[in-house]
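*Asks:* Pasting in a structure now, in structure tokens, and then I'll have a few things to ask.
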Amino acid sequence: MPGPLTATNDFVVKFANVNGSGSASANSLFARSILRMGVPVAARNIFPSNIQGLPTWYEVRVCEEGWLGRRGGVDLMVAMNPQTWDRDVAEIEPGGYLFYDSTRPIPESRFRGDVTVLGVPLTRLTNAAYSDPRQRQLFKNIIYVGALAFLLRIDTVEIERLLAEQFESKPKLIPANVEALKMGWDWARENLQPLGLQVRRADKVGDRIFVEGNYAAALGAVYGGATVCAWYPITPSTSLAEAFTEHCQALRLDADGQANFAIVQAEDEIASIGMVVGAGWNGARAFTCTSGPGVSLMQEFIGLSYFAEIPAVIFDVQRGGPSTGMPTRTQQSDILLAAYASHGDTKHPLLLPMDPAECFEMGAAAFDLADRLQSTVFVMLDLDIGMNDWLTEPFRWDDARRLDRGKVMTAGMLEAGADFGRYKDVDGDGIPFRTYPGTHPSKGAYFTRGTSRDPYARYSEEGAVYQANMLRLLKKFHTARDLVPAPVTRAAAAPTPLGVIYYGSTTPAMDEALAELAGDGVHIDAMRVRAFPFPDSVYEFIAAHGRVFVVEQNRDAQLRTLLINEGEIDPSRLTAVLHFEGAPITARFIIDRISALLAAPEREAAE
């Protein structure tokens with residue numbers, strides 16, 4: 001039997017709670033207190049799609065080395081949900097720790113012999129101190145945070161500071177929470193010993209911030225010039241619209257305090273994208289935020305944006321599908337849906353941020369790109385990035401940066417005799433000039449339609465005219481390859497025929513997996529794609545390697561399919577590594593899967 005695990009600033013704690021029990025605030029308090037001690041953490045909330053009653057988990061990875069992806073495995077399980085007891089106990093690493101409410105006895109058969117058991121009578125402590133049922137429920141969470149602080153040597157001064165910040169607007173609640181915290185700490189000090197898992201002050205956080213991707217993307221939209229948001233509530237994108245509202249109320253008010261923005265909760269997803277397209281046609285920078293089911297409903301208006309060439313931005317915070325699927329679980333399963341959204345021949349640019357810092361950056365850049373291309377641009381988040389707090393670099397902005405509105409014909413250009421053809425390719429990049437409504441009293445007007453037309457926006461169903469327009473739209477999409485963010489490539493320490501392509505929230509787990517594989521002598525060149533259409537460098541990377549793994553979080557290898565389709569790649573050159581259970585991918589999963597594929601490629605291919 002292994003001895004108890006020992007580690008300093010390098011372990012995983014997982015909280016198993018009941019949804020609606022008020023545990024989320026306490027669990028976040030636990031994670032943030034470790035951050036305040038200068039130790040990086042990665043925190044992920046795995047929660048059900050009902051209001052309360054079902055199981056929920058909160059996983060905190062403490063890692064001074066700085067790995068921010070899920071590792072896999074649990075070193076300390078805080079088991080507060082009897083419904084999931086057996087599953088939670090089974091997840092603990094050999095030599096790990098089980099923390100539970102020991103008020104009621106649990107048969108020995110429900111424990112594991114290779115795990116250290118830490119029983120704290122939480123219910124008895126709360127019942128003795130509080131009579132109100134809701135107080136008992138809420139303060140029990142703070143009491144276990146106090147006990148964990150003793151066991152892991154977390155400085156309670158940091159927790160008290162966080163409580164003071166949290167209840168700044170309700171200062172009367174601060175003493176009661178501090179009292180509950182000390183109650184747990186005192187009981188643990190008198191009855192237990194500190195664990196082999198320890199938190200020790202470090203200086204590894206620096207100036208990084210702890211923030212959700214949805215919050216960051218919404219702030220990027222403000223900085224990108226967005227003034228219109230039309231949306232319909234859907235998990236996991238709702239908090240993006242709410243954050244945009246908050247940011248606008250702080251940053252988009254005129255000198256007299258009047259709102260310089262319009263935010264509309266539409267009656268459905270179809271109405272929301274219709275409002276966005278209408279606002280874009282009028283010259284406003286507009287967006288909607290949604291998830292896969294919403295994108296499915298928006299198809300016709302997305303096609304209008306593409307064919308009538310009207311700027312629009314869609315933040316797609318992806319979740320588990322199809323249909324209702326797993327609305328509170330994460331996946332990267334809308335890539336093909338977004339890339340080819342609507343009927344007929346359509347292609348749309350996708351931006352693929354890896355963390356909240358890039359959510360901010362690409363959230364702003366999407367509006368320049370939509371204006372330049374006069375089309376819908378998707379920013380592809382997922383639930384893991386969108387709704388979880390990530391430790392990320394501070395957002396940076398160049399105050400000298402100006403909005404790029406693309407090819408807009410002004411009244412002066414029209415007065416000077418410019419030949420305005422709304423759908424005319426004037427310089428070979430496929431992008432025409434547009435005018436804003438009311439630009440000139442008699443020139444520059446055109447009829448916007450979703451039917452076929454000639455370069456001067458005149459209705460036409462002639463085959464040659466339609467074909468020429470469709471080819472111009474394809475040329476415009478090719479132009480986008482030089483406008484979207486370039487991929488990030490990292491060469492292995494030694495020459496290798498192996499490559500890996502990945503994107504988005506897979507990145508932190510992928511980075512750790514590559515480092516560990518390299519330590520075992522498996523060298524792999526890496527490319528993180530950041531946008532679609534793919535620049536030529538993506539296909540050059542594939543051509544330079546004998547075998548390329550494509551790591552993504554969906555069942556059908558959607559990124560791999562897109563690469564094969566767009567680059568006419570031999571499918572045998574790209575090996576799918578797929579994770580789609582709904583929880584974020586782990587470094588261990590990537591390592592195990594790639595190692596298995598390298599060890600037995602023929603058997604794996606047959607399966």
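Bear in mind these aren't lab numbers, they're just calculated from the coordinates by the rules spelled out. From a predicted model like this one, the values you see are computed outputs, not experimental measurements. We place every Cβ from the backbone using ideal geometry, glycine too, and count neighbours over all the protein chains shown.
*Asks:* Please enumerate, by chain and number, the aspartates and glutamates with C-alpha under 16 Å from the C-alpha of LYS14, excluding those fewer than 8 residues away in the same chain.
*Replies:* List returned: GLU59, ASP75, ASP86, ASP88, GLU91, GLU93, ASP101, ASP389.
*Asks:* Then there's this: So for the stretch 7-198, averaging the separation of alpha carbon pairs under 8 Å that are six or more residues apart and normalising by length, what relative contact order in percent results?
*Replies:* RCO, the stretch 7-198: 22 percent.
*Asks:* Starting from the stretch 362-401, pick out the trypsin sites (Lys or Arg not before Pro) whose DSSP state is loop and whose Cβ has at most 15 other Cβ atoms within 10 Å.
*Replies:* ARG396, ARG401
*Asks:* Taking the highest mean first, how do the peptides 452-462, 554-564 order by number of other beta carbon atoms within 10 angstrom per residue?
*Replies:* 554-564, 452-462
*Asks:* Please arrange VAL426, VAL120 by counting, for each residue, the other beta carbons lying within 10 Å of its beta carbon, fewest first.
*Replies:* Ranked by crowding around the Cβ, least crowded first: VAL426, VAL120.
*Asks:* Still on this structure: May I ask you to evaluate 6.51 cos²θ - 1.76 cosθ + 1.60, the Karplus curve with θ = phi - 60°, for each residue of the stretch 447-452 and list the ³J(HN,Hα) values in order in whole Hz, giving x for glycine and proline?
*Replies:* With the stated coefficients, the stretch 447-452 comes to 9, 8, 9, x, 9, 5 Hz.
*Asks:* On to the next question. Amide H neighbours of MET326 under 5 Å, counting only residues 5+ apart in sequence or on other chains, H built in-plane at 1.01 Å?
*Replies:* Correct list: GLY320, GLY321.
*Asks:* In the P(r) worked out for the stretch 376-427, what percent of Cα pairs fall beyond 19 Å?
*Replies:* Looking at the stretch 376-427, the distances longer than 19 Å represent 62 percent of pairs.
*Asks:* What does the helix-only formula give at 222 nm for the chain: each DSSP H stretch with n ≥ 4 adding -39500 (n - 2.57), the total divided by the residues, and the result rounded to the nearest 500 deg cm²/dmol?
*Replies:* Roughly -11500 deg cm²/dmol at 222 nm, from the helical runs in the chain.
*Asks:* Identify all lysines with a Cα-Cα distance to LYS407 below 27 Å; exclude those on the same chain that are fewer than 8 residues away in sequence.
*Replies:* Counting by Cα, and skipping residues close in sequence, LYS407 has these lysines nearby: LYS347, LYS424, LYS443, LYS475, LYS476.
*Asks:* By its C-alpha gyration tensor, with a ≥ b ≥ c as the square roots of the eigenvalues, how is the stretch 488-606 shaped: rounded for a/c under 1.5, else prolate for a/b larger than b/c, else oblate?
*Replies:* rounded
*Asks:* Enumerate the calculated ³J(HN,Hα) couplings along the stretch 206-219 in order (Karplus 6.51 cos²θ - 1.76 cosθ + 1.60, θ = phi - 60°), each rounded to whole Hz, writing x wherever the residue is Gly or Pro.
*Replies:* x, 9, 5, 10, 10, 8, 7, x, 4, 4, 5, 4, 5, 5
*Asks:* If you place +1 on the Cβ of every Lys and Arg, -1 on the Cβ of every Asp and Glu, and leave all else neutral, what size is the dipole of the stretch 410-520 about its Cα centre, to the nearest 20 Debye?
*Replies:* It works out to roughly 640 debye.
*Asks:* Could you tell me whether the stretch 7-198 comes out rounded, prolate or oblate from its Cα gyration tensor? Rule is a ≥ b ≥ c as square roots of the eigenvalues, rounded for a/c under 1.5, then prolate if a/b exceeds b/c, otherwise oblate.
*Replies:* Here the stretch 7-198 falls in the rounded category.
*Asks:* On to the next question. Note down the magnitude of the dipole of the chain about its Cα centre, charges +1 on Lys and Arg C-beta and -1 on Asp and Glu C-beta and zero elsewhere, to the nearest 20 debye.
*Replies:* Computed about the Cα centre, the dipole is about 760 debye.
*Asks:* Given H placed on each backbone N at 1.01 Å, which residues far from ARG453 in sequence or on other chains put an amide H within less than 5 Å of it?
*Replies:* Here the answer is SER460, since their amide H atoms fall under 5 Å of that of ARG453.
*Asks:* I've got another one for you. Amide H to amide H under 5 Å from ARG530: which residues, 5+ apart in sequence or cross-chain, H placed 1.01 Å off N in plane?
*Replies:* For ARG530, the qualifying residues are VAL488.
*Asks:* Another question about this same structure. Quick one: net charge around GLY294, please, counting Lys, Arg +1 and Asp, Glu -1 for every other residue with C-beta under 11 Å from its C-beta.
*Replies:* Local charge sum for GLY294: -3.
*Asks:* Moving on. Give the cross-link partners of LYS170 among the lysines, using a straight C-alpha distance below 28 Å as the criterion and excluding same-chain residues fewer than 8 apart.
*Replies:* List returned: LYS140, LYS182.
*Asks:* Convert each backbone phi in the stretch 7-22 into a coupling constant with the Karplus relation 6.51 cos²θ - 1.76 cosθ + 1.60 (shift: θ = phi - 60°), then list the ³J(HN,Hα) values in order as whole Hz, x for Gly and Pro.
*Replies:* In residue order, the calculated couplings are 6, 10, 6, 7, 6, 10, 10, 10, 9, 10, 10, 9, 4, x, 8, x Hz.
*Asks:* Could you give me D for the stretch 333-386, from Stokes-Einstein at 20 °C and 1.002 mPa s, where the hydrodynamic radius is the Kirkwood radius over C-alpha pairs? Units µm² s⁻¹, please.
*Replies:* D = 182 µm²/s.
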